Structures are given as C-alpha cells and as structure tokens.
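Asker: Below: one structure in structure tokens.
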Amino acid sequence: MIMNKRTSQYFYEYFSEWIKIYKLGAVRPVTYQKYLMTLRRLTELSPNLKISELDKRSYQTLLNDYAKTHERQTTMDFHHHLKSAILDAVDEGLLTIDPTRKVVIKGKAAVKRKKKYLSQYELQSLMKNLSLTDSPNWDWLILLISKTGLRFSEALALTPNDFDFCTHKLSITKTWNYKGPEGGFMETKNSSSKRVIPIDQPLAINIETLTKNLATDELIFVRGRVFNSTVNSRLKYLCKTAGVPVISIHSLRHTHASLLIFAGVSIASIAKRLGHSSATTTQETYLHIIRELENQDNDKIMNHLSTLEVSIKAL
C-alpha cells in the first residue's frame, strides 16, 4: 500500500470524521450518540492503530478486546458500526482488503434477562385488567401498542389526524421526543418507519370515540412531560394484578410481533408493520421464536411421514 497522509491517519480519527460526514444529521440524535459511544470505545482500545495497519488480525484483536467486557450482541453492534466505515475506507482506496471479512464475534455470556414478550393467553389476561375510561389514559396507550406494535415514541406522537377511521388505517409519520424536557415532534427512526398499517375495526371505533372531543392535530396521550418510567410502572401494576410476567412497554411491541409470527404471518409483512428497515432485522430480533416454530414444524413433518406406510419386499 502506498503510504500517504490519510493512510497514516489513526483509525479512530478516520472513524470520527466518518460519523460526522455520514451520520450527523442523517440519523436520529439517540442513534448518533451510539456512534459516538463506539468512537469512545475505539479510542480507548486502539488509540495507536493506523489505517495502514488495519488488517484482519489487528481488527480481530480489536473486537476480541471489546468482547472481554461486553456480551456477544453488543460486540456485534460495535462491529457493525466500525464495518460501515471500514468498507468506505476500502472504496476510497485507503485499504486494499476488507479486514472485517469472516470476522469472529465473541462476547461474555449473556445475562439472563426478563421475559421480552407475553403469550396470547397472558396478554388477554392483561387486557382484562385495563381501565379504559372515556378519555385517553395510559391503559389506552397500552392497548394501542399491544394491537399495533408501535414504538413508544411513535404512539406518543399520535393525533386523531393519523387515523383513517373509515378504512381502519393508521399512519406513522413522526415520533415524540419524550426524553427531552420540552418534548416536540421528531423524525421516525428511519425511512422504513414511516408506514401505514391496518388496525382492527373494534380498535378503530374505540379510538374514534375516544378522540371525538380532541382537535384533529391534538396529541392524544401527551399532557405535559412524559416519562417512560411512569408508563412502565402502570404496566408493572397491571401485569402483577393479572398474574403474568412483568414486562416493559417496549416488550408489548415484541409481544405483538411474536403473536403474529405464531399466527403464521410472513416475516416480510411483520417487518413492514413494525417499520423495520429490512426483513433481516425482524428475523434476527425474533430468531428464537422462528426456531421454536421450525422445531414444531419438524415434529409435524415427522409425524405425518410416519403415517405413510409402505410395504417393503424382501430382497
């Protein structure tokens, strides 16, 4: 490789410039903060690694060092951030090979986490304990997310205008900045998150009745500062009352997706409904459920094949 000013640049410097050029203003602030966190860890782990020294071995060593203190999934996220920048360095001619090819992702053993979704029976038990009043409250929000799979910030940003009560459709075009003290509308997580999804008729009728006294552009659920912990506390109370595992408000989104998978809905349709950028994201997120269904299908296949009796003639 011909040495020049750019190839002698430290890798963390290149990555810092890369995220400013390609990510600043192109992704949501919360996502940009994740790239900055990756930059900080890269700087700590490999402060002296230059672009010219970036090869398969040095890159694998970097990931291995990161994996010593992080779980495998977190290491995978770290790798994906760096890989995007590295591929651009290859395109620019700063690297002659892709050092990320056939990389091995390691990590600490995953900590046992709380259940991420409810079964259909558990969700029904939860729904029976909702206090659905004549005006919008957190229980209505819980019902809505359970039936649509919306992200919390997407549900907070809803106004009556976002519903087409005639065709039973819901348009997702924005989010609500509940993490900021002033609130305010924000862009969706990505372009795929802007979508129109069908909702069931009873829900459409209920929301139309619920919002009849609101202005068409008035927020349905937001009245002042909203804290994620407030809604999670209410959901925790409802879960304990219903005698089901305690989950978070985001886990209702996982519950919605899981029930659709078990119902046989295609991954492509679920990805579109959830606003995922690709079906691959959906597959990776719900791989454990897909594998569970595959095992069930294999059992059904074997049971069916065993009923096909044949008469084998002696040789």
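Asker: Residue check, L144 against (1) under 28 Å from S269 (Cα atoms); (2) touching a helix residue (DSSP H, G or I) at 6+ places or on another chain (Cβ under 7 Å); (3) assigned to a loop (DSSP other than H, G, I, E, B), all met but one. Which one?
Answerer: For L144, the exception is condition (3).
Asker: Just checking, how many residues over segment 107-135 are surrounded by 15 or more Cβ atoms within 10 Å (Cβ to Cβ) and over 20 Å from the mean Cα position of the chain (by Cα)?
Answerer: 8
Asker: Looking at segment 56-63, can you tell me whether even one residue there is part of a helix (DSSP H, G or I), without any contact (Cβ under 8 Å) to a residue 24 or more places away in the chain and not hydrophobic (A, V, I, L, M, F, W, C)?
Answerer: Looking for residues that are part of a helix (DSSP H, G or I), without any contact (Cβ under 8 Å) to a residue 24 or more places away in the chain and not hydrophobic (A, V, I, L, M, F, W, C), one finds at least one in segment 56-63, hence yes.
Asker: Also: Pick from segment 274-284 the residues that are farther than 20 Å from W140 by Cα and in a helix (DSSP H, G or I): which of them is most open to solvent (accessible area, probe 1.4 Å)?
Answerer: Of everything passing the filter in segment 274-284, E284 is most open to solvent (accessible area, probe 1.4 Å).
Asker: Quick one: is I51 of a type in the set (V, I, T) and open to solvent by less than 30 Å² (accessible area, probe 1.4 Å)?
Answerer: When the stated conditions are applied, I51 passes them.
Asker: Filter segment 64-83 down to the residues that are in a helix (DSSP H, G or I) and under 19 Å from the mean Cα position of the chain (by Cα) and list them by number.
Answerer: Once the filter is applied, which keeps residues that are in a helix (DSSP H, G or I) and under 19 Å from the mean Cα position of the chain (by Cα), segment 64-83 yields R72, Q73, T74, T75, M76, D77, F78, H79, H80, H81.
Asker: Just to be sure before I move on: is D98 among the charged types (D, E, K, R), surrounded by 15 or more Cβ atoms within 10 Å (Cβ to Cβ) and over 25 Å from the mean Cα position of the chain (by Cα) in the structure I sent?
Answerer: yes
Results for (1) of a type in the set (V, I, T); (2) open to solvent by less than 70 Å² (accessible area, probe 1.4 Å), shown as yes or no for each residue.
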| site | (1), (2) |
| --- | --- |
| F15 | no, yes |
| L45 | no, yes |
| Q60 | no, yes |
| N64 | no, yes |
| D77 | no, no |
| V103 | yes, yes |
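Asker: Moving on. Just one of the numbered conditions (1) over 25 Å from the mean Cα position of the chain (by Cα); (2) part of a helix (DSSP H, G or I); (3) farther than 15 Å from A89 by Cβ is not true of E13; which one?
Answerer: Against the list (1) over 25 Å from the mean Cα position of the chain (by Cα); (2) part of a helix (DSSP H, G or I); (3) farther than 15 Å from A89 by Cβ, E13 comes up short only on (3).
Asker: When the residues of segment 32-42 are narrowed to those that are open to solvent by less than 50 Å² (accessible area, probe 1.4 Å) and farther than 16 Å from K83 by Cβ, which ends up modelled with the lowest pLDDT?
Answerer: Y32
Asker: Is it fair to say K189 is open to solvent by less than 50 Å² (accessible area, probe 1.4 Å), under 26 Å from T31 (Cβ atoms) and touching a residue at least 12 places away in the same chain (Cβ under 8 Å)?
Answerer: So K189 fails the test.
Asker: Going by the structure shown, is A155 at pLDDT 95 or above, open to solvent by less than 10 Å² (accessible area, probe 1.4 Å) and within 22 Å of I220 (Cα to Cα)?
Answerer: yes
The values are calculated or read from the model by the stated rules, or taken from the named source; none is laboratory data. Since the structure is predicted, the reported quantities are computational estimates derived from the model, not experimental observations. Cβ coordinates were reconstructed from backbone atoms using ideal geometry, including for glycine residues, and neighbour counts include every protein chain displayed. Please note that ligands, DNA and RNA were not included when accessible areas were found on the heavy atoms of the full protein model with its side chains. Shrake-Rupley method; radii C 1.70, N 1.55, O 1.52, S 1.80 Å.
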